[in-house]
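A short write-up of the structure that comes next.
The values are calculated or read from the model by the stated rules, or taken from the named source; none is laboratory data. All figures in this text were calculated on a predicted structure; none of them were measured in a lab. Note that we place each Cβ from the backbone using ideal geometry, even for glycine, and neighbour counts take in every protein chain shown.
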């Protein structure tokens with residue numbers, strides 16, 4: 001059975017149909033890449049899963065349960081984590097504090113009054129920081145990190161959240177080649193333990209990490225398959241026509 | 001019938017003062033996103049400027065009005081240059097900083113002109129009432145009404161019919177891109193702020209003969225002006241006009257039914273509810289969510 | 001080790017502050033001065049309370065005087081009822097009600113015959129009002145300047161209602177000629193050392209409670225909300241609940257401060273709910289340091305202290321207010337973390353560390369569950 005099922009999902013922004021009946025199915029433990037030309041609705045697809053955008057039609061099932069009408073925090077509590085395209089971390093908190101906030105095993109106001117801000121399993125948090133190469137910056141304010149480091153911190157925060165399903169929106173945007181490679185490495189290590197959906201433009205990166213690729217076009221699912229299958233699909237070529245082929249997107 | 005007409009005219013009179021007082025704030029807030037808490041003190045400054053020119057230099061009331069616009073506008077320009085421009089994109093900080101400016105202006109006046117109440121004399125030719133549809137209205141209130149309409153018209157033309165207006169609207173929509181097209185954003189902002197401040201000064205000058213002039217007279221006006229601007233919708237001139245009309249008539253009506261204090265309380269409460277459900281205001285343009 | 005030094009340094013700072021305010025009565029035998037200082041300490045409590053909601057949670061509450069005023073009226077009501085035999089005739093009514101032709105004590109005044117009820121109400125009423133307003137505002141995800149405008153407008157509403165309901169509230173004049181609070185056999189004369197100590201301990205308690213909250217994970221999440229409210233939601237936290245918590249906690253503390261103020265001033269009036277006072281709290285907080293409880297409190301002491309010492313000469317006072325306006329603008333522009341950040345920086349330098357560090361010197365707590373690291 002699949003972990004996540006989007007069935008004919010519709011999303012509209014003041015008349016503009018961003019998703020027009022999107023069907024998408026992802027199994028547990030999978031790393032799914034989501035690609036498509038600009039405006040295909042990739043980010044909107046992630047938005048509608050995590051509750052940032054509201055579906056006007058269709059249904060979203062997570063673990064067999066409809067989450068379409070849930071508020072963001074309830075969706076997150078079910079085990080769905082989201083990384084945004086513009087890296088968003090808590091800039092005035094340290095790396096350690098960021099991870100501590102992200103590890104949201106308990107979410108109640110009064111439950112958390114009893115948990116020390118300075119405590120709460122610092123060992124594990126440090127291990128996590130090490131995992132994304134931020135051990136040296138453990139006590140630095142997140143606002144002082146480099147762009148790449150901020151991206152990794154956000155990924156580490158999703159791991160701290162222990163999200164079953166992780167949604168990554170262009171994790172390599174603005175990264176150097178070296179940083180991109182490191183991010184690919186991170187994604188591969190997360191695969192299996194977590195289910196991932198990654199929106200990306202960088203085909204090199206996708207070839208490196210992806211098994212199954214879903215191609216979106218004009219708010220719908222256009223094709224699905226391995227890298228080789230997708231590259232040879234004539235419909236996909238048509239969709240990308242004018243933007244220099246799939247690799248140039 | 002006369003009663004109702006009287007009531008409507010009272011509301012209209014309140015509305016025109018409200019609109020006059022909020023116009024400058026609406027422009028600064030709408031165009032620059034700056035919440036100018038010193039607005040009321042610009043207004044106070046305008047009132048003092050008239051008082052000074054009238055009582056000390058013996059100038060006539062109407063020439064004073066024109067001078068006041070430029071004097072307070074210049075103060076606004078200076079404030080924008082030295083302070084506000086460092087705070088773009090920090091809306092909460094502009095609230096605080098402009099409030100600090102307000103304190104400085106108030107204390108400056110208190111030190112310079114004294115804390116006692118001052119009175120601006122209404123010109124003799126405007127004292128006698130005018131007879132309209134069987135109702136007496138004070139000529140001065142008719143003047144305020146007329147000036148307000150003229151100012152709204154000028155502002156409209158300025159924003160929608162001049163080169164400055166085109167550049168201003170460009171900057172409002174996208175400051176970055178406007179700069180790429182060679183628009184001097186800093187200059188546009190300074191002039192806009194100065195214009196808004198000048199309008200505040202003019203408003204202060206016009207309301208000064210109605211009530212006494214004191215260093216802290218601005219506080220009430222700024223709160224009222226906010227009411228109007230926020231309810232109307234931040235980037236909508238029409239909204240400001242319409243909401244000044246609605247709020248003016250409502251406060252006239254509530255005050256008729258109960259009393260002034262309760263009318264104000266009720267109005268503020270309605271505005272709280274309005275912001276809760278429509279933070280963008282009653283007449284804001286629907287923008288695509290980003 | 002450096003961090004330990006910094007942490008210990010801060011505990012030391014709080015201890016020195018506590019001892020200093022407790023030692024004051026030993027050196028002062030002028031009851032009027034003591035009364036004045038007690039008032040400043042109350043402003044310190046108010047500023048610290050605002051720091052919790054503004055500095056730590058990002059809610060710029062421009063209507064904090066609502067809580068303060070409601071607390072003060074609760075205390076004033078019970079103290080007013082104690083003065084009845086002296087102030088009024090046989091009806092047993094507060095004097096202003098007699099003047100306003102009120103024949104019977106209104107029902108909501110009745111329970112204030114009990115001092116215990118009044119003290120409970122002085123905290124509970126502001127908290128309930130804050131809960132309701134917080135629920136109304138934060139559930140709808142109203143944020144930023146709109147919260148400030150709403151809180152300011154609510155302040156005006158409550159202020160006008162109190163003025164309007166003269167028959168029950170004393171209108172413009174408020175509740176005057178109050179009795180002293182007598183509790184556990186102690187007479188809290190506004191000019192006595194007992195009252196001063198009560199207030200000093202209240203300020204210390206406020207700082208301790210605030211520290212406990214800030215140093216809990218709830219406090220951390222509050223700060224995360226200040227940084228990026230939306231992001232916090234995607235970690236599964238119900239942001240509105242945290243905002244309502246911070247807002248109401250701050251309101252409860254302010255209500256308590258209001259009760260103390262009514263005691264010290266021996267009256268309560270609509271000026272306690274004025275826009276002026278409410279915005280002054282913001283200034284104290286900003287000047288001292290909005291994201292530091294002790295910084296905010298010190299800011300209040302500093303600003304009101306200077307203001308008070310100059311108040312005899314109007315020209316001096318007006319000049320000082322002018323300077324304060326400029327200082328406020330300068331702090332907003334150049335020192336967003338307030339004057340305390342200078343002290344912070346100095347302490348960190350003393351400890352041989354250029355960056356301020358978070359305290360974290362204890363053994364990490366053990367916890368269950370494994371993290372998903374490969």
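Some points to look at:
- Unmet requirement for residue A:184, which otherwise passes all of (1) within 11 Å of chain C (Cβ to nearest Cβ); (2) assigned to a helix (DSSP H, G or I); (3) surrounded by 17 or more Cβ atoms within 10 Å (Cβ to Cβ): (1)
- Residue check, residue A:48 over 20 Å from residue C:240 (Cα atoms) and without any contact (Cβ under 8 Å) to a residue 60 or more places away in the chain: yes
- When the criteria are applied in full, residue C:322 meets the requirement of being more than 20 Å from residue C:65 (Cβ to Cβ), touching a helix residue (DSSP H, G or I) at 6+ places or on another chain (Cβ under 6 Å) and either in a loop (DSSP other than H, G, I, E, B) or within 13 Å of chain B (Cβ to nearest Cβ) (or both).
- Conditions (1) surrounded by 24 or more Cβ atoms within 10 Å (Cβ to Cβ); (2) over 23 Å from residue C:199 (Cα atoms): number failed by residue C:324: (1)
- Single match in C:304, C:357 (criterion: more than 10 Å from chain B (Cβ to nearest Cβ), touching a helix residue (DSSP H, G or I) at 6+ places or on another chain (Cβ under 6 Å), modelled with pLDDT under 75 and farther than 30 Å from residue C:116 by Cα): C:357
- Screening segment A:82-131 for helices (runs of 4 or more DSSP H) wholly inside it with 1 or more residues that are at the interface with another protein chain (Cβ under 7 Å from one of its Cβ atoms), free of Cβ contacts under 8 Å to residues at least 40 places away in the same chain and touching a strand residue (DSSP E or B) at 6+ places or on another chain (Cβ under 7 Å) returns the ranges A:109-113.
- Residue within segment C:1-21 that is more than 18 Å from the chain's Cα centre (by Cα), in a loop (DSSP other than H, G, I, E, B), modelled with pLDDT under 90 and under 30 Å from residue C:227 (Cβ atoms) present: yes
- When residues in segment A:51-81 are screened for being in contact (Cβ under 8 Å) with a residue 60 or more places away in the chain and at the interface with another protein chain (Cβ under 8 Å from one of its Cβ atoms), 2 of them pass.
- From B:120, B:72, residue being assigned to a helix (DSSP H, G or I), in contact with a helix residue (DSSP H, G or I) (Cβ under 8 Å, 6 or more places away or on another chain) and more than 10 Å from every other protein chain (Cβ to nearest Cβ): B:72
- Test: residue in segment B:77-85 that is without any contact (Cβ under 8 Å) to a residue 12 or more places away in the chain and over 17 Å from the mean Cα position of the chain (by Cα): yes
- With respect to the conditions (1) at the interface with another protein chain (Cβ under 10 Å from one of its Cβ atoms); (2) within 30 Å of residue C:108 (Cα to Cα); (3) without any contact (Cβ under 8 Å) to a residue 60 or more places away in the chain, residue C:238 falls short on a single one, namely (2).
- Any hit, segment C:93-108, residues being under 18 Å from residue C:273 (Cβ atoms), part of a helix (DSSP H, G or I) and within 19 Å of the chain's Cα centre (by Cα): no
- Residues that are within 11 Å of chain B (Cβ to nearest Cβ) and out of contact with any strand residue (DSSP E or B) (no Cβ under 6 Å at 6 or more places or on another chain) do not occur anywhere in segment C:247-267.
- You will find that of A:129, A:142, the residue that is buried (at least 22 other Cβ atoms within 10 Å of the Cβ) and under 21 Å from residue A:194 (Cα atoms) is A:129 and no other.
- Residue A:153 meets the conditions (1) facing another protein chain (nearest Cβ under 8 Å); (2) surrounded by 18 or more Cβ atoms within 10 Å (Cβ to Cβ); (3) part of a helix (DSSP H, G or I) in every case but one. The failed one is (1).
- So residue A:167, is it modelled with pLDDT of 85 or more and touching a helix residue (DSSP H, G or I) at 6+ places or on another chain (Cβ under 6 Å): yes
- Flag for residue B:30 being out of contact with any helix residue (DSSP H, G or I) (no Cβ under 7 Å at 6 or more places or on another chain) and under 26 Å from residue B:150 (Cβ atoms): yes
- Selection status of residue C:137, closer than 30 Å to residue B:280 by Cβ and more than 9 Å from chain B (Cβ to nearest Cβ): no
- Any hit, segment B:90-113, residues being surrounded by fewer than 14 Cβ atoms within 10 Å (Cβ to Cβ) and either modelled with pLDDT of 85 or more or on the phi < 0 side of the Ramachandran plot (or both): yes
- Any hit, segment C:142-153, residues being modelled with pLDDT of 90 or more, within 14 Å of another protein chain (Cβ to nearest Cβ) and either buried (at least 17 other Cβ atoms within 10 Å of the Cβ) or in contact with a strand residue (DSSP E or B) (Cβ under 6 Å, 6 or more places away or on another chain) (or both): yes
- Number of positions in segment C:325-341 that are out of contact with any helix residue (DSSP H, G or I) (no Cβ under 7 Å at 6 or more places or on another chain) and more than 12 Å from chain B (Cβ to nearest Cβ): 2
- Hey, residue C:206 within 30 Å of residue C:230 (Cβ to Cβ), buried (at least 17 other Cβ atoms within 10 Å of the Cβ) and modelled with pLDDT of 90 or more or not: no
- Boolean, residue B:103 is within 14 Å of chain C (Cβ to nearest Cβ), closer than 30 Å to residue C:59 by Cα and outside any strand (DSSP E or B): yes
- Screening A:174, A:120 for residues that are modelled with pLDDT under 85, buried (at least 19 other Cβ atoms within 10 Å of the Cβ) and on the phi > 0 side of the Ramachandran plot leaves exactly one candidate, A:120.
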